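The values are calculated or read from the model by the stated rules, or taken from the named source; none is laboratory data. The shown structure was predicted, so the numbers you read here are calculated from the model rather than taken from an experiment. All Cβ positions, glycine included, derive from the backbone under ideal geometry; neighbour counts span all protein chains shown. We work out accessible area using only protein heavy atoms, side chains counted, and drop any ligands, DNA or RNA first. Shrake-Rupley method; radii C 1.70, N 1.55, O 1.52, S 1.80 Å.
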Amino acid sequence: MENNIVLEARSICKSFHDPVKIDVLKDVSFKLSRGEYASIIGRSGSGKSTLLYILSTMDTDYTGELFIDNVSIRNKSEKELAAIRNEKIGFVFQFHYLLNEFTALKNVMLPGFKLNKLSEAELEHNAYEFLKDLGIEKLAHKMAYQLSGGEKQRVAIARAMINDPLIIMCDEPTGNLDSKNADIVFNIFKELTETFNKTLLVVTHDLDFAHKTERIIELDDGRIVGD
Ligand SMILES: Nc1ncnc2c1ncn2[C@@H]1O[C@H](COP(=O)(O)OP(=O)(O)O)[C@@H](O)[C@H]1O
Ligand SMILES: [Mg+2]
């Protein structure tokens with residue numbers, strides 16, 4: 001069903017001029033459905049992060065077309081894109097750190113302040129519930145810098161959920177985690193797709209992780225070579 005599609009990439013091409021032109025993404029097309037759990041794999045330099053940056057609407061310098069929730073993001077202003085990101089997409093990116101000077105709970109609430117749809121009390125309630133779902137409500141009032149890597153990652157997942165997004169995108173979510181914590185993250189994502197009908201798109205070099213997801217999109221030299 002077309003109306004089940006939450007993201008569509010149509011013939012996305014991207015080049016860098018460094019200073020000679022290199023084609024980093026070549027005619028990348030695929031669709032993601034609601035509730036799907038997909039991973040993007042490929043060796044280092046194959047274009048995974050570049051693609052995720054485009055799909056997350058943060059990079060608009062490419063050819064082809066991207067639809068989020070059946071709306072083309074072409075010709076949107078920076079402000080409109082920010083609104084789409086806030087409302088539709090949750091991020092668990094490695095560079096998207098928690099703010100150390102805030103508690104876990106406040107960190108989870110922050111994207112909710114930006115969206116500005118719920119009161120502070122409602123946000124606090126929801127943030128606490130997400131921490132509870134992830135089994136870390138006892139960390140709510142700890143400062144972010146007091147948390148371990150695995151705990152931070154779970155707080156980042158709760159933060160990605162706070163605005164009830166359609167899609168959650170992650171770049172190397174298990175990058176710094178041991179296999180036990182990587183399994184925990186895998187299972188949390190699975191639960192999000194099954195219980196909350198979220199769509200998960202995970203870029204990973206962790207093949208054990210990828211092979212457990214429902215769908216693997218393989219990039220090689222900027223092209224999809226397996227799906
Ligand atoms: N800002 C940039 N300027 C020039 N080349 C870049 C830039 N960012 C990435 N690249 C190149 O694009 C290719 C894909 O990079 P990337 O998307 O980071 O790959 P991956 O995440 O799969 O390791 C690499 O060859 C990389 O060197
Ligand atoms: Mg990368």
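Ignoring ligands, DNA and RNA, what accessible area per residue does region 41-150 give at 1.4 Å, in Å²? Write out the running numbers ahead of the final one.
Details: 5950 Å² over 110 residues.
Computed with neighbouring chains in place, this is 54 Å² per residue.
What FRET efficiency comes out for residue 20 versus residue 65 if R0 is 30 angstrom and r is the Cβ-Cβ distance? Round to the nearest 0.05.
Numbers: r = 27 Å, r/R0 = 0.89.
Efficiency at R0 = 30 Å is approximately 0.65.
Straight-line reach from residue 138: which lysines have a Cα under 27 Å away, not including same-chain ones fewer than 8 places off?
106, 114, 117, 152, 180, 190, 198
For 208, 220, give me the order by solvent-accessible area with a 1.4 Å probe, most accessible first, ignoring ligands, DNA and RNA.
Values: 208 120, 220 60 Å².
Largest to smallest exposure gives the sequence 208, 220.
Given a 1.4 Å probe and every protein chain left where it sits, what share in percent of the accessible area of the chain is carbon and sulfur? Intermediate results must be reported in sequence, preceding the final value.
On the way: 5370 of 11350 Å².
Whole-percent figure for carbon plus sulfur exposure: 47.
Send over the per residue convex hull volume for the chain, Cα only, as a whole number of Å³.
Values: hull volume 29.6 nm³, N = 227.
Spread over its residues, the Cα hull of the chain gives 130 Å³ apiece.
Find, among the GluC sites (Glu not before Pro) in region 90-147, those assigned to loop by DSSP (not H, G, I, E, B) with at most 12 other beta-carbon atoms within 10 angstrom. Let's see the in-between values first.
Working: sites: 101, 120, 122, 124, 129, 137; in loops: 101.
Hits after loop and neighbour filter: 101.
Would you mind calculating the relative contact order of region 37-187 from Cα pairs under 8 angstrom and at least 6 residues apart, reporting the percent as a whole number? Don't skip to the answer; put the middle values down first.
Values: 171 pairs, mean separation 43.2, N = 151.
So the answer I get is 29 percent.
Give me the distance in nm between label points sitting 7 Å out from Cα along the Cα-to-Cβ direction at residue 102 and residue 82, one decimal.
Result: 1.5 nm between the two label points.
Hey, what's region 161-214 come to in accessible area per residue, 1.4 Å probe, Å²? Please report the intermediate quantities before stating the final value.
Numbers: 2360 Å² over 54 residues.
Heavy-atom accessible area per residue stands at 44 Å².
On a 0 to 90° scale, report how tilted helix 149-161 is relative to the longest principal axis of the chain, with both axes built from alpha carbons and the result rounded to the nearest 10.
Relative to the chain, helix 149-161 is tipped by roughly 80 degrees.
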